[in-house]
Amino acid sequence: MPHRKRVMRVADYSFSMFPNDNFLDFRLFQYGWEQCDPLYSFGPFVRNHYLFHYVISGRGTLQSNDAGGVTRHYHLNPGQGFLICPGQVNTYCADENQPWKYVWLEFDGLRTAEYLESAGLGMSQPIYRPQAAGGGSALCDRMLYISDHANASPLHLVGHFCLFLDELVQSSATRRTSKSGPLREFYVQEAVTFIQQNFQRNITVEEIADVCKLNRSYFSKLFKEVIGCTPQEFIIRLRLTTAAEQMRTTTDSIGDIASRCGYPNQLYFSQAFRKKYGLPPREWRKENRPLRKN
């Protein structure tokens with residue numbers, strides 16, 4: 001894919017990093033907007049977190065692999081957006097004649113997959129299209145608000161991120177009808193609370209289902225329908241997300257952190273951590289320690 005050297009102009013670009021990551025359900029990492037030069041491309045690259053772009057003006061293309069590993073090409077216009085999932089190989093490029101301007105958010109968290117699935121977005125369907133013409137303008141406004149308020153408190157920004165997710169789900173043309181009801185939500189919330197209180201030890205799906213007074217197979221099916229992942233996957237996400245947070249914010253040894261997060265075997269923890277974050281725990285810690293303020 002042809003590309004041109006990037007010429008940075010301050011007025012054409014905004015980039016910020018989220019100041020605090022002590023949130024587990026929803027976590028922001030970076031956000032900004034950019035007016036790209038003609039044929040400016042990024043990739044091929046693989047992300048550790050979700051990345052969503054909304055096209056404000058201009059055009060461009062996305063190249064990414066689907067869930068089966070097949071490479072797909074997508075052409076995007078103003079008012080559309082595209083999602084990049086963790087571990088997904090991707091390249092995106094601005095049009096030569098009408099280069100795009102986009103706003104973007106990088107995020108993750110225990111509940112994000114659930115809402116992205118509700119919006120009908122994922123590896124095999126990465127393109128956001130609004131239900132009606134102009135229906136993405138409110139979504140764009142939510143994203144620009146976060147990008148333009150980098151100095152706001154972390155809680156304030158996470159609140160607006162939740163509004164972004166809601167707008168994404170409500171306006172998406174691929175939105176899926178929720179099968180959840182009050183009773184189903186109650187059971188799953190009971191399970192999530194139990195997991196959050198006990199993930200440090202070797203809990204089983206049978207034990208969680210028993211707490212909810214449900215059959216194991218029915219509970220597993222219900223949990224995946226509501227949350228978007230299996231109970232085992234949710235436990236692993238919670239353990240690794242908590243471990244990453246503690247590695248960033250404490251000086252405790254990796255062995256102690258691993259043990260507190262349900263991994264008494266440090267080698268097994270290192271393998272699981274590297275699979276999710278792409279780096280061994282020690283290297284990841286060096287690259288992600290908070291910057292000291294002068």
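Out of the residues in region 65-87 meeting the condition of being touching a Leu at 6+ places or on another chain (Cβ under 9 Å) and crowded, with 18+ Cβ neighbours inside 10 Å, tell me which one is modelled with the lowest pLDDT. Within region 65-87, the match that is modelled with the lowest pLDDT is CYS85. Number of residues in region 141-157 that are in contact (Cβ under 8 Å) with a residue 24 or more places away in the chain and either small (Gly, Ala, Ser) or surrounded by fewer than 20 Cβ atoms within 10 Å (Cβ to Cβ) (or both): the value is 5.
Among the residues making up region 124-140, those that are outside any helix (DSSP H, G or I), closer than 27 Å to GLN63 by Cβ and either open to solvent by 50 Å² or more (accessible area, probe 1.4 Å) or modelled with pLDDT of 90 or more (or both) are SER124, GLN125, PRO126, ILE127, TYR128, ARG129, PRO130, GLN131, ALA133, GLY136. Scanning region 51-64 for residues that are among the hydrophobic types (A, V, I, L, M, F, W, C) and either open to solvent by 10 Å² or more (accessible area, probe 1.4 Å) or out of contact with any strand residue (DSSP E or B) (no Cβ under 9 Å at 6 or more places or on another chain) (or both) returns a single hit, ILE56. Can you name every residue in region 265-287 that is open to solvent by 80 Å² or more (accessible area, probe 1.4 Å) and within 15 Å of ILE235 (Cβ to Cβ)? Residues satisfying the conditions are TYR268, LYS275.
Evaluate region 96-105: report whether one residue or more is in a loop (DSSP other than H, G, I, E, B), among the aromatic types (Phe, Trp, Tyr) and on the phi < 0 side of the Ramachandran plot.
Looking through region 96-105, at least one residue is in a loop (DSSP other than H, G, I, E, B), among the aromatic types (Phe, Trp, Tyr) and on the phi < 0 side of the Ramachandran plot.
Taking region 158-172 as the range and being without any contact (Cβ under 8 Å) to a residue 40 or more places away in the chain and hydrophobic (A, V, I, L, M, F, W, C) as the test, only LEU163 passes.
No other residue among SER270, SER220, SER253, SER178 is polar (S, T, N, Q) and at pLDDT below 90 apart from SER178.
Could you check, for region 219-234, whether at least one of its residues is open to solvent by 60 Å² or more (accessible area, probe 1.4 Å) and touching a Lys or Arg at 6+ places or on another chain (Cβ under 7 Å)? Yes, there is a match, as at least one residue in region 219-234 is open to solvent by 60 Å² or more (accessible area, probe 1.4 Å) and touching a Lys or Arg at 6+ places or on another chain (Cβ under 7 Å). If I ask for residues that are closer than 20 Å to ARG27 by Cβ and at pLDDT 90 or above, which ones from region 41-63 would you list? Within region 41-63, TYR50, LEU51, PHE52, HIS53, TYR54 qualify. Restricting attention to region 101-112 and to residues that are in contact with an Asp or Glu (Cβ under 9 Å, 6 or more places away or on another chain) and open to solvent by less than 20 Å² (accessible area, probe 1.4 Å), the residue that is farthest from LYS224 (Cα to Cα) turns out to be TYR102.
The values are calculated or read from the model by the stated rules, or taken from the named source; none is laboratory data. In this text, all values refer to a predicted model and were calculated from it rather than measured experimentally. When we count neighbours, we look across all protein chains shown, and the Cβ atoms used for this are built from the backbone with ideal geometry, even at glycine. Just so you know, the surface numbers come from the protein's heavy atoms only, side chains and all, with ligands and any DNA or RNA stripped out. Shrake-Rupley method; radii C 1.70, N 1.55, O 1.52, S 1.80 Å.
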